[in-house]
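Scroll down for the structure; my scribbles are underneath it.
The values are calculated or read from the model by the stated rules, or taken from the named source; none is laboratory data. Note that the coordinates shown come from a computational prediction; the quantities given were computed from them, not determined experimentally. Cβ atoms come from the backbone with ideal geometry, glycine included; neighbour counts cover every protein chain shown.
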Amino acid sequence: MRPLSRALRYLAPYWPSALGAFLSMLLVAVANLVSPQLIRRVIDDGIMAGNLTAILAAAAGLLGVALVRGVFSFAQGFLSEKASQGAAYDMRNAIYGKLQTLSFSFHDQAQTGQLMTRVTSDVEMVRMFTGQGFLQLLGALCMFFGAAVVLIVMNWRLALVTLATLPLIFMSFAFFIRRAGPLFATVQASLGALNTILQENLAGVRVVKAFAREAYEADRYTRANDELLEQNLGVVRVFSAAFPLTFFVANLGTVAVVWYGGNQVIGGDLSLGELVAFNSYLGLLMFPAFMLGMISAVIARAGASAKRIFEVVDAENEIRDRPGAVPLPPIKGRVGFEEVGFRYVGADRNVLEHANFVVVPGQTVAIVGTTGAGKSTIINLLPRFYDVTGGRVTIDGHDVRDVTLSSLRGQIGIVLQDTLLFSGTIRENIAYGAPDASLDEVLPTRTTSSSNSPKATTRKSARGVSASVGAKCSVLPSPAPCSLPRKC
């Protein structure tokens, strides 16, 4: 319940809507409690007494109650959805914002599909609880205690006979929640694993097709889908075992009311209208109990999802500004590695040990080595994608850990191994690291035509943004006839 209570705090900025939904729910509960009394008047004061006026008055009252119930049921549904959608909006922003700040070490160990499931499916599960589930829980409790009070006031002996069945109902619900909670956590984890496989296949569809691995990937997806199906069926089995027992116990309460109340009607201690009203209140008493059973499923699932969400929100960020970090002045470009050592999380050995070198402004350095030798690691340490485990990295004499991340990364340009294009225009992608760049800064320098270079050409994107297309090209001579195209 701790993750759920924390999730409910996201409703705080939307308290007017949440309060309006709660008050609407109370009015609906009051309308439901008034209806059986009007039915009692129809029977005792109208039908049994042969009084048509009493029947018409009670019927008018029932119509008014139905209108009130309809209006405030709509208000409850609308306002609760408005508040829950706002809470889900803030939760999505919170988890996305945290993912943006977490270090590469976190993303190296986390699966993309699992993270996507937490931002989408898990947030939706929690939203369902903060919106409908929580209010339904409050409404069920109000209806339950209200009906119990009315039953005791009407006939305390008959009420005690009815209430004796409730402990068995609540015991079955408690058993269900205890069993279902871990199952729902497993379901969400299996869903994340399925999304991971899907994400990998969509991102690597060219690799899959190039190596003719469609059948293998289809089989891998099917196995994960089968596991998710089995986990869901496990939840269904728990449902199937809990609710028949609950309905059976509730029917025992109805039998007790009919038997004991019928004897009181025959003995003259209870009117027929009171017995009918009492049975209606029994329904209002048992319905919240059944609702609690349904809500318990929402609570169990939302609790598991909230725990998964806050695991990310509370994840420790290894790469962050130190206390007292200062902005990095405009750099000249002197890079120094001083006794640098580095080891990835979970690795059994260092990738770098006692690395020492200096690169001065204007110097070009090529780092050569086998796979895993630490070439990319050296580059990743400069903008603090990772922090060194020993020694220090300096730029113009400043330890990169002593300056703010924004000022450090804002002055470093990186050409990554894998090219990623974001949705948008060509200009927006070129100027991604400098969105305020002018068009002249985005466009490459045009070359003039000559005998050795073709004339520069210009191509427009679908949105009308100009971009220069390769204007200069040198052809490498081929030593012998070859079917491959010449490199350019």
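Below, the figures for the structure above:
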read-out: Residue in segment 180-191 that is crowded, with 17+ Cβ neighbours inside 10 Å, at pLDDT below 80 and over 19 Å from the mean Cα position of the chain (by Cα) present; value: yes
read-out: Residue that is of a type outside the set (Ser, Thr, Tyr) and not assigned by TED's automatic domain parsing to the domain that holds Gln37, where the choices are Ile319, Ile309, Ile299; value: Ile319
read-out: Flag for Gln76 being farther than 30 Å from Leu198 by Cβ, among the polar types (S, T, N, Q), more than 25 Å from the chain's Cα centre (by Cα) and in a helix (DSSP H, G or I); value: no
read-out: Helices (runs of 4 or more DSSP H) (entirely within segment 91-174) containing at least 1 residues that are under 20 Å from Ala189 (Cβ atoms); value: 104-109, 112-117, 123-128
read-out: Counted residues, segment 370-409 - those being assigned to a loop (DSSP other than H, G, I, E, B) and either assigned by TED's automatic domain parsing to the domain that holds Thr101 or at positive phi (or both); value: 5
read-out: Selected residue (criterion: surrounded by the fewest Cβ atoms within 10 Å (Cβ to Cβ)) from residues of segment 300-318 that are charged (D, E, K, R) and assigned to a helix (DSSP H, G or I); value: Glu311
read-out: Filter result for the condition that a residue is touching a residue at least 60 places away in the same chain (Cβ under 8 Å) and out of contact with any His (no Cβ under 9 Å at 6 or more places or on another chain), over Thr130, Thr186, Thr120; value: Thr130
read-out: Ser5 under 26 Å from Asp122 (Cα atoms) and touching a Ser or Thr at 6+ places or on another chain (Cβ under 7 Å); value: no
read-out: Filter result for the condition that a residue is in contact with a strand residue (DSSP E or B) (Cβ under 6 Å, 6 or more places away or on another chain), more than 30 Å from Thr117 (Cβ to Cβ) and of a type outside the set (Asp, Glu), over Leu408, Leu328; value: Leu328
read-out: Among (1) crowded, with 18+ Cβ neighbours inside 10 Å; (2) closer than 30 Å to Ala277 by Cα - the single one Thr196 does not satisfy; value: (2)
read-out: Exclusive hit being modelled with pLDDT of 75 or more, in a helix (DSSP H, G or I) and surrounded by fewer than 20 Cβ atoms within 10 Å (Cβ to Cβ), set Val255, Val265; value: Val255
